[in-house]
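What follows is a single structure, written as structure tokens, with notes after it.
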Amino acid sequence: MKVIQALARYFPDKCGGIQVNLKELLLELQLDDLEIKIAAASTGSAKASTYKYDNIEVYRYPVFPTPKKEPNHGQFPHGKFEDFAQWLSQQKADVYHQHHWEAACGLPHLRLAKELGMATVMTIHYPLPICQRTTMMLHGQKVCDGKIDAIRCSQCTDTLSKQLPEAMVNTFSHLPLSILSRLPLPTSAYLPNSVDNGNLGRFVRPLVVPGYVAARKSSLLEMAKFCDRIIAVCDWLYQALLINGIPEDKLVLSRHGIAYTKQEQPLTPKFKLANEPLKVVFLGRWDQYKGIDILVKAVRDLPGDSPIELVIHGIAQDEKYRRQVLKLVDQDPRIRIEKQLSREEIPQALANYDILAVPSQWLETGPLVVLEAHALSLPVLGSDLGGIAELVRHGVDGWLVPANDSKAWTEALRQLATDINLVNQLRQGIQKIRTVSMQATDLANIYSSL
């Protein structure tokens, strides 16, 4: 069976959890006698290239010029799409499996695969296909059910839309995509306009955002039309797809797995001793939605003699946000900023801590780092949101806290730092975690069934 895996980017480019998981997944799938090729966009490049990565052929198709982020998901084929089309038509593959939903890897790519007679699979790894704000947090404050509605989503994403009559917002949602795609928008309409510094963008947004919301709903239904199976990687995402009209017989819930388990790791779990401080670690991007500032504020609000150490291993992304967090740290000796860890360094590093903090301010679909921590018998202190709340059992193998309540985070850290037995009890509550080989079995079964 020949399978094409399609993405918007791939190694050796800078990549995230989608590519990390797929890289490990493909090593398992190759054991099932699948012939696998990768098609990944090369945005900004006018020429195609081919190379091998982990002994798998990678075709980098050109996307030139760089397309606008909106309208969503590439309803219009990007420049040089014909290169991708020619390559895909030559492959004679059995299955086409897409992992991104954006201009460089979106609706035209999926549609073409179906027209060529391939069985089609789409994995939804993130909220982007559903949420105009991308966080699944209604007005940035509370969890949203994900139902795409032109008026509600426009008002959530754009503050000026709240001041317009609902009938006007609804009218804007019917603007043709051919017009929307030409209107100037200096910054991405994905973001709330509190981060949009352009005056032009601020006044254009109420005109275009309703149309972008409508385009998102339309493209989601088109996805269902051209897909044989749609894989949701967490339960909240599965439910959000259902509520938007995705047929249940096309939906599959298949969670991420990781490539190692605590049984396979030779590392000895660290148990907290009475005379030691609580050692807390954060791994993740410098991004406001990762909530590092909430964690730092929580530690700063603890009494100065609290037995606690926080180490932040940040991944470069938002330099302005990183500087804001450093200002919050203000040379507090209990908080250290350390280097970004490589994938190979993570297991050994995690083994040196008592608990992993995951203070995300949006609905994660994983994250993989929770599984990586549990694989090393490390409990998780996490936001009571999305995928984190699906993976962490409060009081059993971790501790869940209201996401944006820094006082609640302070109290949780105080309790964990002063109750000698609590962290060790949470360690003992960790059960066998889901592995990438289990995930690969799910995927092989889906391919076979198609």
Set of lysines with alpha-carbon distance to Lys432 below 20 Å, sequence-local pairs under 8 removed: Lys262, Lys270
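Can you give the % of DSSP beta bridges in the chain that are antiparallel, to the nearest 5?
Details: 8 of 59 bridges.
Just about 15 percent of them are antiparallel.
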Distribution of pairwise C-alpha distances over the stretch 1-66, 10 Å bins, in %: 21, 54, 22, 3
Spatially proximal aspartates and glutamates relative to Lys327 (Cα-Cα < 17 Å; intrachain offsets below 8 disregarded): Asp287, Asp293, Asp301, Asp318, Glu319, Glu338
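Do the alpha carbons of any pairs in Lys68/Lys217; Lys225/Lys290; Lys114/Lys217; Lys92/Lys225; Lys217/Lys290; Lys279/Lys320 sit beyond 23 Å of each other, and which pairs? Could the numbers behind the result be given before it?
Numbers: Lys68/Lys217 18 Å; Lys225/Lys290 34 Å; Lys114/Lys217 20 Å; Lys92/Lys225 21 Å; Lys217/Lys290 27 Å; Lys279/Lys320 27 Å.
Exceeds cut-off: Lys225/Lys290; Lys217/Lys290; Lys279/Lys320.
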For Ala259, residues with placed amide H under 5 Å, excluding near neighbours: Val436
Over the stretch 278-428: Kirkwood hydrodynamic radius from C-alpha pairwise inverse distances, Å: 15.1
Proximal aspartates and glutamates relative to Lys37, as straight alpha-carbon distance under 18 Å, when same-chain residues fewer than 8 apart are discounted: Asp13, Glu24, Glu28, Asp54, Glu57, Asp83, Asp94
Added length on full extension, which subtracts the Cα-Cα distance from 0.36 nm per residue, Ile420 to Leu116: 103.3 nm
Intensity falloff of the stretch 306-347 expressed as log10 I(q)/I(0), Debye formula with alpha-carbon point scatterers, at q = 0.14, 0.16, 0.17 Å⁻¹: -0.39, -0.49, -0.55
Ratio of the Cα radius of gyration of the chain to 2.2 N^0.38 Å, where N counts its residues: 1.01
Long-range amide H partners of Ile308 with built H, under 5 Å: Leu278
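Read the figures in this text as sums done on the coordinates, not as results from a lab. Model, not experiment: these values are computed from the prediction.
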